[in-house]
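The values are calculated or read from the model by the stated rules, or taken from the named source; none is laboratory data. Nothing here was measured: the structure is a model prediction, and the numbers come from that model. Cβ placement follows ideal geometry from the backbone for every residue including glycine, while neighbour counts extend to all protein chains displayed. Accessible surface areas use protein heavy atoms only, side chains included; no ligands, DNA or RNA. Shrake-Rupley method; radii C 1.70, N 1.55, O 1.52, S 1.80 Å.
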Amino acid sequence: GSWHDGHGEPVHDIVWSLLDTSLALLAGNHHVIHTIEHTSPGWAGRAADFAADFARLVQVLATPTPPANRADRQAQYMQGYLRTLIHERIPLLAPACAQRQLAMDTLITAWLEQVAASGRRVVFDTADIPYPERADCVELCQGFLAYAKTALKDVEVAHGR
């Protein structure tokens, strides 16, 4: 997506947030130019608003920005990808979760946390993993499906079904 303004209003908070994000991602890159463009003729009578935006930009750029933690962003991306694969490869699970009023994404999050806490890693197929490493792996669909079945049964028991 994109964010566009007509340069006729003070910088919106969403744009300031995007600037913070970009500064974290580009930390250490000294070849980046930041500017405020207030080019609308209406700004001629709003010098104080322009000065406030410019002062905020100067303050933001003067504040050291720690680099973004790329490992966290990669983990978020991978978790999103795993969620997509689970939804695609186990299509009947979403209706089963809905029927029991259990949020599938909450279930996926709990499973991923359990796998991470166990020190294991998620793989598509353990057949692709060297035999000595297989004990440290859990297959995506089979592992999640086993976890989900237990969770769904626990919900049924809790509701007396």
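Go through E133, E139 for me and flag whichever is surrounded by 11 or more Cβ atoms within 10 Å (Cβ to Cβ), more than 23 Å from K153 (Cα to Cα) and not aliphatic (A, V, I, L, M).
Answer to the check: E133.
Out of all the residues in the stretch 115-138, is one or more under 18 Å from I86 (Cβ atoms), among the aromatic types (F, W, Y) and either in a helix (DSSP H, G or I) or over 27 Å from the mean Cα position of the chain (by Cα) (or both)?
So far as the stretch 115-138 goes, no, none of its residues is under 18 Å from I86 (Cβ atoms), among the aromatic types (F, W, Y) and either in a helix (DSSP H, G or I) or over 27 Å from the mean Cα position of the chain (by Cα) (or both).
Only one of these is of a type in the set (A, V, I, L, M, F, W, C), free of Cβ contacts under 8 Å to residues at least 24 places away in the same chain and closer than 30 Å to S22 by Cβ: F124, F54. Name it.
Working: F124 fails: closer than 30 Å to S22 by Cβ.
Answer to the check: F54.
Across the stretch 81-107, which residue is surrounded by the most Cβ atoms within 10 Å (Cβ to Cβ) among those that are under 22 Å from the mean Cα position of the chain (by Cα) and part of a loop (DSSP other than H, G, I, E, B)?
L102
Failed condition for G80, given (1) over 30 Å from S22 (Cβ atoms); (2) out of contact with any Gly (no Cβ under 9 Å at 6 or more places or on another chain), with all others met?
(1)
Which one of the conditions (1) without any contact (Cβ under 8 Å) to a residue 24 or more places away in the chain; (2) of a type in the set (F, W, Y); (3) open to solvent by less than 90 Å² (accessible area, probe 1.4 Å) does W111 fail to meet, given that it meets all the rest?
Answer for W111: the failing condition is (1).
Out of the stretch 114-130, which residues are touching a strand residue (DSSP E or B) at 6+ places or on another chain (Cβ under 6 Å) and loosely packed, with under 13 Cβ neighbours inside 10 Å?
R121 - this is the single residue of the stretch 114-130 that is touching a strand residue (DSSP E or B) at 6+ places or on another chain (Cβ under 6 Å) and loosely packed, with under 13 Cβ neighbours inside 10 Å.
Against the definition (of a type in the set (S, T, Y), at pLDDT below 90, part of a helix (DSSP H, G or I) and under 22 Å from the mean Cα position of the chain (by Cα)), how does T65 come out, yes or no?
No.
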